[in-house]
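Student: Next up is a structure, given as structure tokens.
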Amino acid sequence: MSKRFLLFLCFTLSVTELNGAEEPGLSAFWHELRNHLLERGAVTADFRETRQHPIRQHPARLNGELRYDPTHGLSLAYKQGSSAIMVIDEVGLLRKTSHGPSRLQLPDDWERLHQVLLAAMRLDYATLEDSFLIVPEEEGPAWRLHLEPADGDKLGRILGVTLSGTQATVTTIILDMGPRRSIQIDLSNHRFVPTFPADILAQYFR
Amino acid sequence: MIGTRGHFILLLLAFAAAIRLSSLDWSSFLQLDVSEHFISNRAASPTQLAISHLRDEQARYIFFRSPNNASVAEQLTRSPRITQASASVFDRERVSKTLYEHRFELFFPHWLEEHSEGSPSAEGLARSAVSELEAFLDSPQSLGFEDLLFADPLLLLPRFMDSLQSLPTMGLDVGWARIEDSPFHSSLAQQVVRDIESLLAHETSGTQWTGVVKFAEESSRVIRNEVGLLNTVSLLLLSLLAVLLLRSPLRVLHLLVPVVFSITLALASCSLIFDSVHILALILGSILAGVTIDFGIHLMLHCSGERKRVVMGALVLACVTSATGFAVLIFSSNPVIRQVGVLVSTGLVVALACALLYRPLVEHQGNLRFADKWDRSLFRIAPSRAWAVALVLISAATALVGVSWSDDVRILDIKHSQLKQESAQFTSGDSSPNVFILGGKELLALLAQLEASDKSSWTKQFTNERNANLTKEQQSVLDEFPKALRRELNNRGYKEALFSPFFADFEGYSKAIAEQGGMVLARAKLAELAKALDGPAGFLLGERGGIAWVGFFDSVAAEETGALALSVEPELRNGLEPVRRQLLEIGAILVTVMLSVVCILFRRRSWTSIAFSSMLGLLMAFSLVAWFGEVNVFHLTGLLLGLCLSLDYSIFYVICRDRGLPYPYSIRFSALTTLVAFSVLLFSSIEAVRSLGITVILSIVLTHLFLEWERNRHERGLA
């Protein structure tokens, strides 16, 4: 247990090396899905986040507004606490509060998790296949993409990432980190725009 | 003339100087840090001592970023000149381990103090702790911390991590290495850069690196090239001029003998007096070429027949005046100015001695090409001196009123645009954060001092001198606290057993604090943390040789605590102010002494002529410089040099005039050679050198115009 704690404190961020790889042999549906997602551009959606962990008696429930832009990354504006905005992009994790932006210090595997999440959001199969076994499921307009780590040690505590959706809309993101350890983000009320205006980018992204 | 014996003495001296110069370790003899001697080195207070140490350390670090930092770090450690290398700015594992293992000693007393307001009870503390834990778990920022909380339900580490948000981060994936010696004090810079480049050549492409050593190496290379180029171009131009106008290449070679001789002997003398010579003194010293060639010119063009004694006397007088002027600089408290004083005054005396002893200069007499045109008068009119004096005094007065001084040491520096761009890529988002250092004898005391400033700082969660020892009341509460916390956790529905890592560690801490006392414990653990903060991270918190320091980024806290900026920038901005004051004083003394000597040695009619042409030229040169820009110490140095040269020319002219000899056109030829030598300085990449060049050029040109004015008045019988 303590060895895991030793990994806890980070002073600088690290970036996962996600090397490019060959496109995996997925059916045309998945490639079309990716293209559709790209075409739809940026999205704003309401989110409900459920965190489970043995230390919690009950799952923590948080909500707010999610913004995703294929170029600028993911932004989660929480309504709880200090109304923090968490920005996850290629550079790392940034927390924006009324006191200004600050880089968030998290353990290595969490940093990696964020990079995986970004790759999953843009359905970058080639990158994902480098670290995961991709298990696709489709049923009519609904789909589910489950990612199982190909090498357990390589991604630390991440045991799986699942993206679910309907047509070209992502509705659920689940991060599985073991027994009673998970984060589920449910999305609703999607609003698509080609790109975010500059003031939104400045407020909600890096 | 001493003849063969004289030549023998010259040869002997040249041989001794050559041996001395060849035996020098030039890498340590040349002082390449341009700010050295211009930045205050006084280190009276502990903060100044700490800053002095950290600045020295700062110069030794290099930073790199590569797709594979670990491999680069491993490669770098193969260089014997690199003592340490690491793949990341912090030794994360070591620091994390230290913080985690000693979290109670490092943070608990502050937590207890913060939660002990009023009359604290173990139950009250437990209730606060669990409430805060619950609130934290329900907040977005609990992400990623959950596993840790089994061992840290008091949130000691998350709270500390939160306070770290105030720290600017250097950027992603930055590794570092430390070089053994300071890059300024040896040829190390060049060797280290060569080593690193060769080691990194084996690495994958995309490896970037920066460090003071890279700047030092470039400065050294640029300055070395510049000194070489300026001297070569200067000598080539002078030679070309001499070949064109003196007709014979052999005469040119003879003229160069006093020049080479004076530079060699002046440098050798400097090496005997000073351990090292500042690069700037060397650059200024290189102007000797332009000054000393004059002696040979005067002798070669006029030293025959009835003029012989007059010319020699004038040369000795002029040289004594100039050398005295530069010798005054020896009394400066600034080593660089002292070095210039020794270098130039020795060079002038040696050049004169050489010119007088070296017979070919007298034996190869001859006229200049276009001799009939050289002594033509420039003006047809010669108004009263009063007009000139009034004009110059009004100009000087307006210039003095509006003068703007620039005391920035960076005018001595090379621009390094490319390197600065490369270096900027290592500070992501945070543009050169200003680090403040607070020094003292003990870390605990410094932390208390910082906490008292009540400003947000990354150190605010630490145990400090004030709260390290628990009060009796706190001690008794502490004994009851674990039980109370277990009860509270159970009451709120948490499985108390999950928190066993916390209770086990807390028990150990309680025993240790009872046996050793909080102060001793905290002191020991802070020392461990300081050791773990290896490399550049050590700037944040450290101890060495009885001096401790804490680094932070809050300028208000810095003002309140008396901390000083680690950056030398504020000192660089005004670093030359004391030198300027000193030069102004020296200048005033120099002018007074020189004019007094002239007054004593010459009749009234003569000294007014000398003072008129030399002083008005200098005042006008100063006015022009002040009108069109900021005046710096190198303009003032240029004026001092201009004063010496102007006096030389004026004295030479007046002595010839008073003896009834025709106008000595060697003055014009000398001025031309001096102008050529100084014009080369205008192409220097160092602002200071350019300032010197332009001032001397203006001084010489204007002195000649006033000299011409004087000559015209004399020829018209008006003087």
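The values are calculated or read from the model by the stated rules, or taken from the named source; none is laboratory data. Here the structure is a predicted model, which is why all the values come from computation and not from measurement. Neighbour counts are summed over all protein chains in view; Cβ atoms, including those assigned to glycine, are modelled from backbone coordinates with ideal geometry.
Student: Whether any residue in region B:29-52 is at pLDDT below 85, farther than 30 Å from B:F552 by Cα and assigned to a helix (DSSP H, G or I) is what I want to check.
Tutor: yes
Student: Could you go through region B:161-177 and let me know if any residue there is modelled with pLDDT of 85 or more and in a helix (DSSP H, G or I).
Tutor: No, region B:161-177 contains no residue that is modelled with pLDDT of 85 or more and in a helix (DSSP H, G or I).
Student: Find all pairs meeting these conditions: Cβ atoms under 6 angstrom apart; at least six residues apart or on different chains; first residue within region B:159-181 and more than 11 Å from chain A (Cβ to nearest Cβ) and surrounded by fewer than 21 Cβ atoms within 10 Å (Cβ to Cβ); second residue in a helix (DSSP H, G or I) and modelled with pLDDT of 80 or more.
Tutor: Hits for this filter: B:R178/B:R60.
Student: Something else now. Given the criterion over 15 Å from the mean Cα position of the chain (by Cα), of a type in the set (A, V, I, L, M) and either closer than 26 Å to A:A60 by Cβ or modelled with pLDDT of 90 or more (or both), identify the matching residue among A:V193, A:V170, A:V116.
Tutor: Answer to the selection: A:V193.
Student: Please work out which one of (1) part of a loop (DSSP other than H, G, I, E, B); (2) touching a Pro at 6+ places or on another chain (Cβ under 7 Å); (3) buried (at least 17 other Cβ atoms within 10 Å of the Cβ) is the condition A:R180 fails and give its number.
Tutor: (3)
Student: Applying the selection to region B:92-120, what residues are of a type in the set (S, T, Y) and under 15 Å from B:R159 (Cα atoms)?
Tutor: Hits for region B:92-120 are B:S96, B:Y100.
Student: Name the one entry in B:E465, B:E507, B:E442 that is at pLDDT 90 or above, surrounded by fewer than 16 Cβ atoms within 10 Å (Cβ to Cβ) and out of contact with any Ser or Thr (no Cβ under 9 Å at 6 or more places or on another chain). Step through it out loud before you land on a result.
Tutor: On the way: B:E465 fails: surrounded by fewer than 16 Cβ atoms within 10 Å (Cβ to Cβ); B:E442 fails: surrounded by fewer than 16 Cβ atoms within 10 Å (Cβ to Cβ).
Checking each option against the conditions leaves just B:E507.
Student: Name every residue in region B:65-97 that is more than 14 Å from chain A (Cβ to nearest Cβ) and either closer than 16 Å to B:D534 by Cβ or in a loop (DSSP other than H, G, I, E, B) (or both), in order of residue number.
Tutor: Going residue by residue through region B:65-97, those that are more than 14 Å from chain A (Cβ to nearest Cβ) are B:72-85.
Selection gives B:A73, B:L76, B:T77, B:R78, B:S79, B:P80, B:R81, B:I82, B:T83, B:Q84, B:A85.
Student: Where residues in region B:500-534 are within 14 Å of another protein chain (Cβ to nearest Cβ) and of a type in the set (G, A, S), which of them is nearest to B:V435 (Cα to Cα)?
Tutor: Taking the candidates together, the pick is B:A532.
Student: Does B:M300 count as farther than 30 Å from B:Q31 by Cβ and surrounded by 20 or more Cβ atoms within 10 Å (Cβ to Cβ)?
Tutor: It is true that B:M300 is farther than 30 Å from B:Q31 by Cβ and surrounded by 20 or more Cβ atoms within 10 Å (Cβ to Cβ).
Student: Just one of the numbered conditions (1) within 14 Å of chain B (Cβ to nearest Cβ); (2) part of a helix (DSSP H, G or I); (3) of a type outside the set (G, A, S) is not true of A:L175; which one?
Tutor: Status for A:L175: all satisfied but (2).
Student: Would you pick out the residues in region B:321-360 that are more than 33 Å from the chain's Cα centre (by Cα) and under 24 Å from B:S650 (Cα atoms)?
Tutor: B:L352, B:A353, B:C354, B:A355, B:L356
Student: Right, something else. On the basis of being part of a helix (DSSP H, G or I), surrounded by 22 or more Cβ atoms within 10 Å (Cβ to Cβ) and modelled with pLDDT of 85 or more, does B:L447 make the cut?
Tutor: Answer is yes for this residue.
Student: Please report, ordered by residue number, the helices (runs of 4 or more DSSP H) entirely within region B:191-297 with at least 2 residues that are within 24 Å of B:V72 (Cβ to Cβ) and at pLDDT 80 or above.
Tutor: Details: elements: B:212-246, B:249-273, B:279-285.
Answer list for region B:191-297: B:212-246.
Student: All but one of (1) touching a strand residue (DSSP E or B) at 6+ places or on another chain (Cβ under 7 Å); (2) within 14 Å of chain A (Cβ to nearest Cβ) hold for B:Y100; state the number of the condition that does not hold.
Tutor: Only one criterion in (1) touching a strand residue (DSSP E or B) at 6+ places or on another chain (Cβ under 7 Å); (2) within 14 Å of chain A (Cβ to nearest Cβ) is unmet by B:Y100, namely (1).
Student: Taking B:L156 and the conditions (1) farther than 29 Å from A:Q57 by Cα; (2) within 14 Å of another protein chain (Cβ to nearest Cβ), which numbered condition does it fall short on, given that it satisfies the others?
Tutor: (1)
Student: If you don't mind, another one. Mind listing just one residue for me: the one in region A:55-77 that is part of a strand (DSSP E or B) and polar (S, T, N, Q) and, of those, nearest to the chain's Cα centre (by Cα)?
Tutor: Looking at the filtered set, the residue picked out is A:S75.
Student: To continue, here is another question. Looking at region B:112-127, can you tell me whether even one residue there is in contact with a helix residue (DSSP H, G or I) (Cβ under 9 Å, 6 or more places away or on another chain), within 12 Å of chain A (Cβ to nearest Cβ), crowded, with 18+ Cβ neighbours inside 10 Å and modelled with pLDDT of 85 or more?
Tutor: no
Student: Restricting to region B:482-496, give me the number of residues that are within 12 Å of another protein chain (Cβ to nearest Cβ), charged (D, E, K, R) and in contact (Cβ under 8 Å) with a residue 24 or more places away in the chain.
Tutor: 1
Student: Now a separate question. Identify all residues within region B:535-592 that are over 17 Å from B:W458 (Cα atoms) and within 14 Å of another protein chain (Cβ to nearest Cβ); write none if there are none.
Tutor: Once the filter is applied, which keeps residues that are over 17 Å from B:W458 (Cα atoms) and within 14 Å of another protein chain (Cβ to nearest Cβ), region B:535-592 yields only B:G535.
Student: Still on this structure, please answer the following. Do we find that B:L590 is more than 29 Å from the chain's Cα centre (by Cα) and in a helix (DSSP H, G or I) in this structure?
Tutor: Numbers: more than 29 Å from the chain's Cα centre (by Cα): no; in a helix (DSSP H, G or I): yes.
Here the answer is no, as B:L590 does not meet what is asked.
Student: Turning to a different aspect of this structure: What about B:A524, is it of a type in the set (A, V, I, L, M, F, W, C) and surrounded by fewer than 18 Cβ atoms within 10 Å (Cβ to Cβ)?
Tutor: yes
Student: Further, regarding this structure: Name the single residue, out of those in region A:42-84 being of a type in the set (A, V, I, L, M, F, W, C) and away from chain B (no Cβ under 12 Å), that is surrounded by the most Cβ atoms within 10 Å (Cβ to Cβ).
Tutor: That would be A:L66.
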